[in-house]
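Undergrad: Sharing a structure with you now.
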Amino acid sequence: MAKLWGGRFEKESDHLMEDFHSSISFDQRLYKQDIAGSMAHARMLGKAGIISKAEAERIVAGLQEILADIEAGKIEFSVAAEDIHMNIEELLTQRTGEVGKKLHTARSRNDQVALDVRMYLKEEITEVMNLIKYLQDTLAELAEEHLDTVLPGYTHLQRAQPVTLAHHLMAYYQMFSRDLDRLGDCYRRTDVMPLGSGALAGTTFALDRQYVAEQLGFARISENSLDAVADRDFAVEFASAASLIMMHLSRFCEEIILWSTAEFAFIELDDAYSTGSSMMPQKKNPDVAELIRGKTGRVYGDLQALLTMLKGLPLAYNKDMQEDKEALFDAVDTVKKCLMLFRPMLATVKVKKENMARAARGGFTNATDLADYLVYKGVPFRQAHEIAGRLVLYCLAKKKTLEEVSLGEYREFSDLIAEDIYQAIDINHCVEARKVYGGPARAVVQEAINRARGKF
Ligand code: ARG
């Protein structure tokens, strides 16, 4: 087939070359954006008198037909036509003849592809943001159910201090709020219309770029033609925001995997989100959580691929940049799928409150409260820490918990300790006493949930 750029060439492309440089296998997913962009461009050309109004209308109608045919599955894209942009232009020319050949006036595939990818990403950012908000709703709902579900908080994966499941869930809520912020920032920088930049140096035609931006719902038009066709920062930013979302999901998944072991036994996953073993009949494996943890690496890889692809490129467009799409699409698809599965997996988890509480009562998670108790009685914190530490050592030797130490025994360590010690080291009291803003006390977490809810 004759190439749209064939004029300067005397020989056909090698068939391996044709396959190698063609991007239609993956960029066909941009067909909607490409057609919408071309319609806006054609209307603008008509309005500016660069082509006639009738020609613009014919082009728009032709593009509309092509769109309908693609959606009806009637179009087979051609590898020889290289990419989605030229496939559609060729289809248009087949259908409208000479008129179709005017569409590409004052435009290059370089600004066209930048436009398409930006339009695509704007939609996807909005979808990812909605998925995160949905997950946050679930987190807030679950948190509200578990304001009194005490479990150990950990540092170094060693039991540290008691918190509640509500507090733990709301920690993730905060992480996802920052992810939303980042996506919002990324959206603003993606929301820039590059058409009119041409191949790299703009165009001699008097385009109305603002009119194109308005038709396509862009907030701004790009400021520099070289930058507009060479910039893929927005894709890198998305992959970076997606990497952080995946990192947050992955940490949560790691906890879910740990918590569903027989050793922790804090939760049980719903059958719908776990699998069995082909050999071991007793197994119930947390596959969804493991896959999300595993797929985090893919998205990091996508980010790395984009950064590396760009780092050595002189201005402006280089064909290397065609490699942006598979990485970006993969990051989008992966983060969306993971968010879609993570939410129901979490929502259907069965919480074993008793086991959580038992774990919180063991492991001396109230030792800090014992030290704080002494501080309230006037002992300097370092000294209080020392006394509490010696008491823990004593308990380890006697195989007791701090609750099981008698007042007589306590008083051998400090005569400041009185009957009220038992209230001070009661696990539920330990949580309740932490009323500091941002802390785990019931009322404080309830307020955090209320603030979170007020946000949307
Ligand atoms: N398929 C190309 C891409 O995805 C479109 C732009 C091609 N421009 C060019 N001058 N070869 O980047």
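Undergrad: Can you pull out the residues in the stretch 390-439 that are under 30 Å from Arg451 (Cβ atoms) and part of a loop (DSSP other than H, G, I, E, B)?
TA: Result: Asp426, Ala433, Arg434, Lys435, Val436, Tyr437, Gly438, Gly439.
Undergrad: Let me ask another. Taking the stated definitions as given, is Gly198 at positive phi and either within 16 Å of the ligand (Cβ to nearest atom) or buried (at least 16 other Cβ atoms within 10 Å of the Cβ) (or both)? Lay out the reasoning, then the answer.
TA: Values: at positive phi: yes; either within 16 Å of the ligand (Cβ to nearest atom) or buried (at least 16 other Cβ atoms within 10 Å of the Cβ) (or both): yes.
For Gly198, the condition - at positive phi and either within 16 Å of the ligand (Cβ to nearest atom) or buried (at least 16 other Cβ atoms within 10 Å of the Cβ) (or both) - is met.
Undergrad: Failed condition for Asn87, given (1) on the phi < 0 side of the Ramachandran plot; (2) in contact (Cβ under 8 Å) with a residue 12 or more places away in the chain; (3) in contact with a Leu (Cβ under 9 Å, 6 or more places away or on another chain), with all others met?
TA: (3)
Undergrad: Any residue in the stretch 324-339 that is at negative phi sitting within a Cβ distance under 6 Å of a residue that is within 12 Å of the ligand (Cβ to nearest atom) and aliphatic (A, V, I, L, M)? List the pairs, counting only those 6 or more apart or interchain.
TA: So the pair list comes out as Asp324/Ala235; Leu328/Ala235.
Undergrad: Among the residues of the stretch 420-429, is there at least one that is surrounded by 14 or more Cβ atoms within 10 Å (Cβ to Cβ), closer than 30 Å to Leu180 by Cα, of a type outside the set (S, T, N, Q) and touching a strand residue (DSSP E or B) at 6+ places or on another chain (Cβ under 8 Å)? Spell out the reasoning first.
TA: So the first thing to find is which residues in the stretch 420-429 are surrounded by 14 or more Cβ atoms within 10 Å (Cβ to Cβ), and the list is 421-422, 424-429.
Right, trim to closer than 30 Å to Leu180 by Cα and you get none.
Within the stretch 420-429, none of the residues are surrounded by 14 or more Cβ atoms within 10 Å (Cβ to Cβ), closer than 30 Å to Leu180 by Cα, of a type outside the set (S, T, N, Q) and touching a strand residue (DSSP E or B) at 6+ places or on another chain (Cβ under 8 Å).
Undergrad: Now a separate question. Would you confirm whether or not the stretch 124-132 contains a residue that is free of Cβ contacts under 8 Å to residues at least 24 places away in the same chain and either out of contact with any Ser or Thr (no Cβ under 8 Å at 6 or more places or on another chain) or among the aliphatic types (A, V, I, L, M) (or both)?
TA: Step one: of the stretch 124-132, the residues free of Cβ contacts under 8 Å to residues at least 24 places away in the same chain are 130.
Checking the rest, the ones that are also either out of contact with any Ser or Thr (no Cβ under 8 Å at 6 or more places or on another chain) or among the aliphatic types (A, V, I, L, M) (or both) come to 130.
Yes, because at least one residue in the stretch 124-132 is free of Cβ contacts under 8 Å to residues at least 24 places away in the same chain and either out of contact with any Ser or Thr (no Cβ under 8 Å at 6 or more places or on another chain) or among the aliphatic types (A, V, I, L, M) (or both).
Undergrad: It is to be established whether one or more residues within the stretch 227-245 are within 16 Å of the ligand (Cβ to nearest atom), surrounded by 14 or more Cβ atoms within 10 Å (Cβ to Cβ) and not in a helix (DSSP H, G or I).
TA: Yes - at least one qualifying residue is present in the stretch 227-245.
Undergrad: Output the residues belonging to the stretch 160-195 that are away from the ligand (no atom under 16 Å from the Cβ) and either farther than 29 Å from Val128 by Cα or touching a Ser or Thr at 6+ places or on another chain (Cβ under 6 Å) (or both). Full working, then the answer.
TA: Just the residues of the stretch 160-195 that are away from the ligand (no atom under 16 Å from the Cβ), to begin with: 160-193.
Scanning the stretch 160-195 gives Ala160, Gln161, Pro162, Val163, Thr164, Leu165, Val192.
Undergrad: Further question: Hey, could you check the stretch 1-10 for residues that are outside any helix (DSSP H, G or I) and within 15 Å of the ligand (Cβ to nearest atom) and say which is modelled with the highest pLDDT? Can you show your working first?
TA: Going through the stretch 1-10, the residues outside any helix (DSSP H, G or I) turn out to be 1-5, 9-10.
Going one step further and asking which of them are within 15 Å of the ligand (Cβ to nearest atom), we end up with 3-5, 9.
Working: Lys3: 81, Leu4: 81, Trp5: 83, Phe9: 88.
Residue satisfying both the conditions and the ranking: Phe9.
Undergrad: While we're on this one: In the stretch 260-303, which residue that is in a helix (DSSP H, G or I) and of a type in the set (A, V, I, L, M, F, W, C) is nearest to Ala357 (Cα to Cα)? Walk me through how you get there before you give the answer.
TA: Of the residues in the stretch 260-303, the ones in a helix (DSSP H, G or I) are 271-273, 287-303.
From what's left, of a type in the set (A, V, I, L, M, F, W, C): 272, 288-289, 291-292, 299, 303.
Details: Ala272: 27, Val288: 26, Ala289: 24, Leu291: 29, Ile292: 28, Val299: 36, Leu303: 41 Å.
Looking at the filtered set, the residue picked out is Ala289.
Undergrad: Would you say Glu55 is within 36 Å of the chain's Cα centre (by Cα) and over 28 Å from Val192 (Cβ atoms)?
TA: On the way: within 36 Å of the chain's Cα centre (by Cα): no; over 28 Å from Val192 (Cβ atoms): yes.
No.
Undergrad: Also, I was wondering about something else. Does Glu447 count as acidic (Asp, Glu), surrounded by 11 or more Cβ atoms within 10 Å (Cβ to Cβ) and under 24 Å from Lys377 (Cα atoms)?
TA: On the way: acidic (Asp, Glu): yes; surrounded by 11 or more Cβ atoms within 10 Å (Cβ to Cβ): yes; under 24 Å from Lys377 (Cα atoms): no.
In short, no.
Undergrad: Mind checking which residues of the stretch 17-37 are without any contact (Cβ under 8 Å) to a residue 40 or more places away in the chain and surrounded by 14 or more Cβ atoms within 10 Å (Cβ to Cβ)? Walk me through how you get there before you give the answer.
TA: Taking the stretch 17-37 first, the residues without any contact (Cβ under 8 Å) to a residue 40 or more places away in the chain are 17, 20, 32.
Matches in the stretch 17-37: Lys32 only.
Undergrad: So if I check each of Thr261, Thr164, Thr204, which one is at negative phi and surrounded by 23 or more Cβ atoms within 10 Å (Cβ to Cβ)? I'd like the intermediate steps shown before the answer.
TA: Values: Thr261 fails: surrounded by 23 or more Cβ atoms within 10 Å (Cβ to Cβ); Thr204 fails: surrounded by 23 or more Cβ atoms within 10 Å (Cβ to Cβ).
Answer to the selection: Thr164.
Undergrad: Out of Thr365, Thr401, which single residue is of a type in the set (Ser, Thr, Tyr), crowded, with 18+ Cβ neighbours inside 10 Å and closer than 27 Å to Pro440 by Cβ? Outline the logic, then answer.
TA: Values: Thr401 fails: crowded, with 18+ Cβ neighbours inside 10 Å.
Only one candidate qualifies: Thr365.
Undergrad: Between a residue in the stretch 134-156 that is closer than 22 Å to Asp426 by Cβ and modelled with pLDDT of 95 or more and any residue that is among the polar types (S, T, N, Q) and in a strand (DSSP E or B), which pairs come within a Cβ distance under 6 Å, given they are 6 or more apart or on different chains?
TA: Within 6 Å, the pairs are Thr149/Thr164; Val150/Thr164; Gly153/Gln161.
Undergrad: Could I ask something else about it? Taking the condition of being over 30 Å from Ser13 (Cα atoms) and touching a Lys or Arg at 6+ places or on another chain (Cβ under 9 Å), how many residues in the stretch 53-98 meet it?
TA: Applying the first criterion (over 30 Å from Ser13 (Cα atoms)) to the stretch 53-98 yields 53-58, 60-61, 64-65, 68, 71-72.
From what's left, touching a Lys or Arg at 6+ places or on another chain (Cβ under 9 Å): 53, 55-57, 60, 65, 68, 71.
So the answer is 8.
Undergrad: So, one more: Could you tell me which numbered condition Tyr376 fails, if it satisfies all but one of (1) loosely packed, with under 15 Cβ neighbours inside 10 Å; (2) touching a helix residue (DSSP H, G or I) at 6+ places or on another chain (Cβ under 6 Å); (3) among the hydroxyl-bearing types (Ser, Thr, Tyr)?
TA: Tyr376 satisfies all of (1) loosely packed, with under 15 Cβ neighbours inside 10 Å; (2) touching a helix residue (DSSP H, G or I) at 6+ places or on another chain (Cβ under 6 Å); (3) among the hydroxyl-bearing types (Ser, Thr, Tyr) except (2).
Undergrad: Okay, moving on. Give me the residue from the stretch 304-361 that is within 25 Å of Asn224 (Cβ to Cβ) and away from the ligand (no atom under 16 Å from the Cβ) and, out of that set, nearest to the chain's Cα centre (by Cα).
TA: Leu307
The values are calculated or read from the model by the stated rules, or taken from the named source; none is laboratory data. No experiment lies behind these values; they were computed from the predicted model shown. In this analysis, Cβ positions are derived from the backbone assuming ideal geometry, glycine residues included, and neighbour counts consider all displayed protein chains.
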